[in-house]
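Reading through the structure tokens given below for one structure.
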Amino acid sequence: MTYTKRLDGRKADELRPMEAKAGVIPNADGSAYFRAGKTTAYVAVYGPRELFPRFKQDPKKGLLRCHYGMLPFSGCGDRIRPGNSRRGQEISMVMEKALAPVIDLSAFPNAVVDVFINLPQTDAGTRCAAISGAAIALADAGIPMKDMISSVSMGQVDGTILADLNYDEEAYDGVVSDIPVAMTHNTKEVTLLQMDGEISKDDLIKALELAKAATEKVYEVQIKALKDKFTKK
Amino acid sequence: MSTILIKEKDIVTPGEVLAEGMDYLPGPNTYRAGEKIISKVLGVAFISGRAIKITPLAGPYIPKTRDKIIAQVIDIAMSGWRVDTNTAYSAMMNVKDATTRFIKRDEDLSKILAIGDYVVVSITKVTSQNLIDVSMKEPGLRKIEGGRIIKINPQKVPRIIGKEGSMITLIKNKTGCEITIGQNGLVWIKGTPENELKTQQVITFIENNSHTPGLTEQVEKLFK
Amino acid sequence: MISNKETIIKLAKEGKRLDGRPMIEYRRPIQIETNISWTAEGSARVQIGETVVMAGVKTEINKPYNDTPNEGGIMINAELLPLSSPEYESGPPGMKAIELARVTDRGIREAKAIDMKKLCIESGEKAWFIIIDIVTINDAGNLFDAAGLATLTALKAAKFPQVDPETGAIDYKHKTDESFPLLKEPLPVTVYKIGGKLLIDPTSEEEKAHEARLTVASDEKGIISAMQKGGESPLTIEETAQMIDLALDKAKFLREQMDNSLK
């Protein structure tokens, strides 16, 4: 049976309602809160600051380090035991790669910019929310960036290409592909691309084309969060 | 045909296209990509002739020689003191740059400056790797005693000083406080506790409203 | 981070603080929100001044411990998230997180705030276990009080999840209407001694300048369920009594704030 009507009634290219705010953690150099549907993320940026251990220091430029973690009470089922999970470490690494193409840390040799992301509640699309929130927090911290990065999880369920899968869609009993994507705003270049499931090349390319419009909608929310910080009284 | 897409004093975000066409020039915190001039930071746009520049609304202090900063002693070495500059880079102050008087070879340096002490110093040297040397020898540079130190956004330092020091002078006159502003975003305030607090609140107000018009009038109102 | 330690001590001797507050007043705003995480069985977000803390409650069904076959259990964890302060690093909990968790835990456990027997499903076989995770979002001082308030509020707001009657599996996505069996509502208040004077709700800077501190957890009737002394200076018995009095008085204020937010 083809999945034509989404479980939550959204259109195929419709994203979940989003909300974002910049500068929410006073101790941090930059910070953000980002929500896509029921997935929420807090992001804090500290840096540039001194980097330990010393052998990781790069005399040519600063290092970007992401630390992603779901809070123990944020999973859809059981409690998540605190501590580094391999999934968390991998997501931290792909986040770094997703943000690196636009971040310019050449003015900060040997230093590190740490990005901490924690999610109090989740409903799929966690790494995408983390990346979108991180881009806001980095801009909020005044880190030089050539462009913004916006991220959304595209997907395909039973042949239909969709934007912003939620947990129920990811777990749908059918042929499902989950495709987290991140793109630059100006050139719409891909900085994050992962996929698991079953999909043809043509459908994947279609999904990436649709991701252009989807990430643009995320971009609008990110920019509003940054500008609102200075225009709201 | 070149077009400018933003107005003077607009708030722009990283990646925002400011102008299209070769008639415009990329000033500080912008870059050119093809025909476009694009912002590299979250900041306020200014147009000066053909150049578009962005003044960042946030971001780290970049150490420069001859800047006056407030630093904290974090270590004592054989030859001097290591100080925290509120950046990713600590600085060295050699014994001979701490004071004009002669320091004996085995003098206990911690009696001059102890770990935890705050000092007002001048940056004398910055290498390409951001190794920094500082000196406390010029007039006005000293160890800090009493009062309170607050941390502010280093990008707002010029606004708190004001044109030719007008803003800081206004605050000093109204509160009677001694105020020393470090370019690195640390500010030392000394007066009565109530006036120190008032000074701190006014400075925070300026930080939060630095980009709004009529700032001086708004600040004057805070003292009424 | 900045330390104005000497000035803080000097001002405290005169009964003053850097931010001009009275010694015995909490910062504002105080904001308490519940159900801030749909995936938790109960949750709360507490803000005191710039300090923000969240607590989330999860439940499990396990075999009771051998020495208490008719009882369920409770466990409280705390994580000082690196995102909440430049002073925290990723990694296993340090002493500060451990102390925060254990002091908050004892406040609830020793008050016998939860009727553990009502958590029993089948004697010796199945019982509910409640796990509370406290996390810091912005640490601007006084985590003990914020964490205690968040924990109690989350427990009060929590509901048991549904259980499949056939398989016995927990259906976390659907909650019942049943609240936890709370018998008492203990809240901790921490009193600090700086410059020989007492104060509450310290900022991070004030915490660094303290000589001693005393956390006192008490219930609605003013019965003390847990205490913890910290800091390197000793306290006279008289000082201890004064600190307890202050803590009991301030617990009333926090309780009012909590009740107002739960209406």
Selection count, the stretch B:56-81, where residues are under 15 Å from A:ALA141 (Cα atoms) and surrounded by fewer than 19 Cβ atoms within 10 Å (Cβ to Cβ): 1
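Every residue, every condition in (1) on the phi > 0 side of the Ramachandran plot; (2) surrounded by fewer than 18 Cβ atoms within 10 Å (Cβ to Cβ); (3) at pLDDT 95 or above; (4) touching a Pro at 6+ places or on another chain (Cβ under 7 Å), yes or no:
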residue: B:ARG101; (1), (2), (3), (4): no, yes, no, no
residue: B:LYS104; (1), (2), (3), (4): no, yes, no, no
residue: B:ASP108; (1), (2), (3), (4): no, yes, no, no
residue: B:LYS111; (1), (2), (3), (4): no, yes, no, no
residue: B:GLY116; (1), (2), (3), (4): yes, yes, no, no
residue: B:ILE132; (1), (2), (3), (4): no, no, yes, yes
residue: B:LYS137; (1), (2), (3), (4): no, yes, no, no
Counted residues in the stretch C:73-114 being away from every other protein chain (no Cβ under 14 Å) and β-branched (Val, Ile, Thr) come to 4
Can we say C:THR136 is closer than 30 Å to C:GLU50 by Cβ, more than 13 Å from chain A (Cβ to nearest Cβ) and at pLDDT 95 or above? no
Could you tell me how many of the residues in the stretch B:29-50 are within 11 Å of chain A (Cβ to nearest Cβ) and either buried (at least 21 other Cβ atoms within 10 Å of the Cβ) or touching a Lys or Arg at 6+ places or on another chain (Cβ under 9 Å) (or both)? 11
Going by the structure shown, is A:ARG127 facing chain C (nearest Cβ under 8 Å) and either in contact (Cβ under 8 Å) with a residue 60 or more places away in the chain or touching a strand residue (DSSP E or B) at 6+ places or on another chain (Cβ under 7 Å) (or both)? no
Determine if the stretch A:49-64 includes at least one residue that is touching a Gly at 6+ places or on another chain (Cβ under 6 Å) and not hydrophobic (A, V, I, L, M, F, W, C). no
Test result for A:ILE117, within 19 Å of A:TYR68 (Cα to Cα) and part of a helix (DSSP H, G or I): no
Complete set of residues in the stretch A:80-117 that are crowded, with 23+ Cβ neighbours inside 10 Å and of a type outside the set (A, V, I, L, M): A:PHE108, A:ASP114, A:PHE116
Is it the case, given these coordinates, that C:LEU119 is out of contact with any Ser or Thr (no Cβ under 6 Å at 6 or more places or on another chain), surrounded by 24 or more Cβ atoms within 10 Å (Cβ to Cβ) and more than 10 Å from every other protein chain (Cβ to nearest Cβ)? no
Going by the conditions given, is A:TYR68 facing another protein chain (nearest Cβ under 7 Å) and either at pLDDT 95 or above or part of a helix (DSSP H, G or I) (or both)? no
For the stretch C:28-44, the count of residues that are of a type outside the set (Asp, Glu), surrounded by fewer than 23 Cβ atoms within 10 Å (Cβ to Cβ) and touching a residue at least 12 places away in the same chain (Cβ under 8 Å) equals 8
Can you tell me which residue is farthest from the other protein chains (Cβ to nearest Cβ) among those in the stretch A:198-216 that are buried (at least 17 other Cβ atoms within 10 Å of the Cβ) and in contact (Cβ under 8 Å) with a residue 60 or more places away in the chain? A:LEU210
Give C:MET54, C:MET23, C:MET75 a once-over and let me know the one that is in contact with a Pro (Cβ under 7 Å, 6 or more places away or on another chain) and hydrophobic (A, V, I, L, M, F, W, C). C:MET54
Mind telling me which of the residues B:GLU220, B:GLU196, B:GLU145, B:GLU164 ends up being surrounded by fewer than 14 Cβ atoms within 10 Å (Cβ to Cβ) and farther than 30 Å from B:GLU8 by Cα? B:GLU145
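Yes or no, residue by residue, for (1) under 18 Å from the mean Cα position of the chain (by Cα); (2) among the aliphatic types (A, V, I, L, M); (3) farther than 30 Å from B:GLN218 by Cβ; (4) within 14 Å of chain C (Cβ to nearest Cβ):
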position: B:ARG105; (1), (2), (3), (4): no, no, yes, no
position: B:LEU113; (1), (2), (3), (4): no, yes, yes, no
position: B:ILE132; (1), (2), (3), (4): yes, yes, yes, no
position: B:SER135; (1), (2), (3), (4): yes, no, yes, no
position: B:LEU141; (1), (2), (3), (4): yes, yes, yes, no
position: B:LYS151; (1), (2), (3), (4): yes, no, no, yes
position: B:ARG159; (1), (2), (3), (4): yes, no, no, no
position: B:GLY162; (1), (2), (3), (4): yes, no, no, no
position: B:THR175; (1), (2), (3), (4): no, no, no, yes
Among (1) under 17 Å from C:SER90 (Cβ atoms); (2) touching a residue at least 60 places away in the same chain (Cβ under 8 Å), the one test that A:PHE34 misses: (1)
Please name all residue pairs, on different chains or six or more residues apart, with Cβ atoms under 7 Å, provided the first residue is in the stretch A:84-109 and is farther than 18 Å from A:GLY125 by Cβ and the second residue is among the charged types (D, E, K, R) and not in a loop (DSSP other than H, G, I, E, B). A:GLU96/A:ARG65
Among strands (runs of 3 or more DSSP E) entirely within the stretch A:135-226, at least 2 residues that are within 17 Å of the chain's Cα centre (by Cα) occur in A:149-157, A:176-184, A:190-193
Within the stretch A:128-151, track down each residue that is of a type outside the set (A, V, I, L, M, F, W, C) and surrounded by 24 or more Cβ atoms within 10 Å (Cβ to Cβ). A:SER132, A:GLY133, A:ASP140, A:ASP147, A:SER150, A:SER151
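Residues checked against (1) within 24 Å of B:THR199 (Cβ to Cβ); (2) assigned to a strand (DSSP E or B); (3) within 12 Å of chain A (Cβ to nearest Cβ):
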position	(1), (2), (3)
C:ALA12	yes, no, no
C:ASP19	yes, no, no
C:ILE24	no, no, no
C:ARG28	yes, no, no
C:THR39	no, no, yes
Condition met for C:SER84 (surrounded by 20 or more Cβ atoms within 10 Å (Cβ to Cβ), over 22 Å from C:GLU41 (Cα atoms), hydroxyl-bearing (Ser, Thr, Tyr) and more than 13 Å from the chain's Cα centre (by Cα)): yes
Criterion (within 13 Å of chain C (Cβ to nearest Cβ) and not β-branched (Val, Ile, Thr)) met by exactly one of A:ALA12, A:ALA28: A:ALA28
Go through (1) more than 12 Å from chain C (Cβ to nearest Cβ); (2) touching a residue at least 60 places away in the same chain (Cβ under 8 Å); (3) not charged (D, E, K, R) and name the single condition A:GLY62 misses. (2)
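The values are calculated or read from the model by the stated rules, or taken from the named source; none is laboratory data. These numbers come from a predicted model, not from an experiment. Every residue, glycine as well, gets a Cβ built from its backbone with ideal geometry; the counts of neighbours run over all protein chains shown.
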